[in-house]
Amino acid sequence: MALEGKLVRWLLLFLGDWRVLLTLFTATVILYFMMRKPYRLPPGPMRLPIIGNLHQTYYYSPLYKYCHDLVYTYGPVIRLDLGTVPCVIINRMDQAIEALVTKQNDFAGRPKNWTSEVITEGFKDIAMAPFTPVWQLQRKLAHSAFRHFASKDVLVQKIHESFNDISQMFDKIHEPFNPKSYVYNCVYNIIYAMTYGRSFHLDDPEFLRMVAIANEANALISSGFAPDFISALRYLPRTAAQKRLLDLNAEYTRRGRKEYQRHKDTFTRSDIRDLCDYLILAHQNMPTEDSDKITETHIVETLLDIFGAGTDTTSMTLLWCIKFMVAYPEIQKIGQDEIDNIVGHERLVNFHDKQNLPYCDAILHEVMRLRLPASLALPHSTTVDTTVGGYDVPKDTMVMINLYGLHHDPAYWTDPEKFDPTRFLDEHGSIRPKIKFS
Ligand SMILES: *[C@@H]1O[C@H](CO)[C@@H](O)[C@H](O)[C@H]1NC(C)=O
């Protein structure tokens, strides 16, 4: 009894001493960190609190070039913090294949941020929305509409019509000129005709407005908004630039809605006119438990995605094709001879000719290798704790694929800066088999 009392008193004294408490506390913390499985995150340049690596990415822009250069210091997979957002950037082919092919479901998410949320009416589109069952349904719907549409020759017909218009305009010009607005007009008309069955003349104010909205919104988005870097800032009053983006986006969405409504009002199952009609049809043909989950907003946003993804990228790629052909007339001649021999002068080229025009196909491949409209593509995010290139990547990390880095990967391309379409051809002059990304 006496001994027990002594022991308790001694223990109380012992634990009451702050030095003992501090030692116990420190030992616990150390043990906790030693026993926890440590994440081995990819390496990267030093980060500062709150702004992360923004001081470097701002100074060494463009980001894709900066990341490509960092590979020589840190290896193919690097980490940069865009403000408080940790981001893993994959800069080489092998690691990109690991993430996008071998572990595609692990990397199938999309990061959520202020910009992507406001321009998609709360992630109701396909391109930026996270990987969810509703998203999978929506993608299935869009696939089926596209499949039906592509199986008809309507698309080729629209392309030929639009191309004829533009080549007639070209014929009337007899001095040097900038083809930019013509190419944009041609591409918009093809995409507008295929989605909504309409097209525009080059100086139609409606068309000019559409291009102006897209250009201004793209410029605003690419310079980035503070809440995307530090999400708590979304609760501050909106800046003038944020308000402007919301206005532009509202106008853009309104147009999409108007076209959708026009189609819905005049829809008949026996006369499917364009992609919008196909989407309405595919939606009606879904089992009710599925179609209930897809709202009209989902369909409008799916259609808007086609414009967001298809107009600027295609126009820029075509403009680069023109520029490369001007810069490399000897390569242009080989391509032209191939078309003259295979297709002749009596008709225009179509999709079925592609397999018989390997050199032209290789030219397109090479232009798209060297000049990308979006060098970092759309960011992914991880759906689970996973790994890439031997590093850990925790769930919900933003992951960017540096296409510029991939396309200049010295392990895959000899002399990567050189414009040389033959790198895509084998010894028989056929296109080499490709790596398939999903
Ligand atoms: C926000 O999301 C958009 C679309 O996913 C992306 O393009 C942009 O880079 C993101 N911004 C930041 C800072 O993460």
Query raised in the report: Being away from the ligand (no atom under 16 Å from the Cβ), touching a His at 6+ places or on another chain (Cβ under 7 Å) and either closer than 30 Å to Thr288 by Cα or in contact (Cβ under 8 Å) with a residue 12 or more places away in the chain (or both), is that true of even one residue in the stretch 93-100?
Result: no
Requested in this report: Only residues in the stretch 212-240 that are assigned to a helix (DSSP H, G or I) count as the first member; pair them with residues that are basic (Lys, Arg) and within 16 Å of the ligand (Cβ to nearest atom), Cβ under 6 angstrom, at least 6 apart or cross-chain, and list the lot.
Outcome: Pro227/Arg234
**Report entry** Residues of the stretch 107-136 classified as over 17 Å from the mean Cα position of the chain (by Cα) and either among the β-branched types (Val, Ile, Thr) or farther than 16 Å from Asp305 by Cα (or both), total
**Finding:** 3
Query - Flag for Asp106 being in a helix (DSSP H, G or I) and either more than 15 Å from the ligand (Cβ to nearest atom) or not charged (D, E, K, R) (or both) - result: no
Report summary line: Taking the stretch 83-92 and keeping residues within 14 Å of the ligand (Cβ to nearest atom) and either surrounded by 22 or more Cβ atoms within 10 Å (Cβ to Cβ) or part of a helix (DSSP H, G or I) (or both) leaves Cys87, Val88, Ile89
Query raised in the report: What are the pairs, 6+ residues apart or on separate chains, where a residue within the stretch 43-57 that is under 14 Å from Arg79 (Cβ atoms) has its Cβ under 8 Å from a residue that is basic (Lys, Arg)?
Result: Pro43/Arg79; Gly44/Arg79; Asn53/Arg47
Query raised in the report: Do we find a residue being of a type outside the set (Val, Ile, Thr), outside any helix (DSSP H, G or I), more than 14 Å from the ligand (Cβ to nearest atom) and loosely packed, with under 11 Cβ neighbours inside 10 Å anywhere in the stretch 53-72?
Result: no
Report task. Answer yes if at least one residue in the stretch 117-138 is within 12 Å of the ligand (Cβ to nearest atom) and in a helix (DSSP H, G or I), and no otherwise. Result -> yes
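Bear in mind that the values in this text are calculations on the coordinates, not laboratory data. Fair warning: this is a prediction, and the values are worked out from it, not measured in the lab. Don't worry about glycine lacking a Cβ; one is built from the backbone with ideal geometry, like all the others, and counts go over all protein chains shown.
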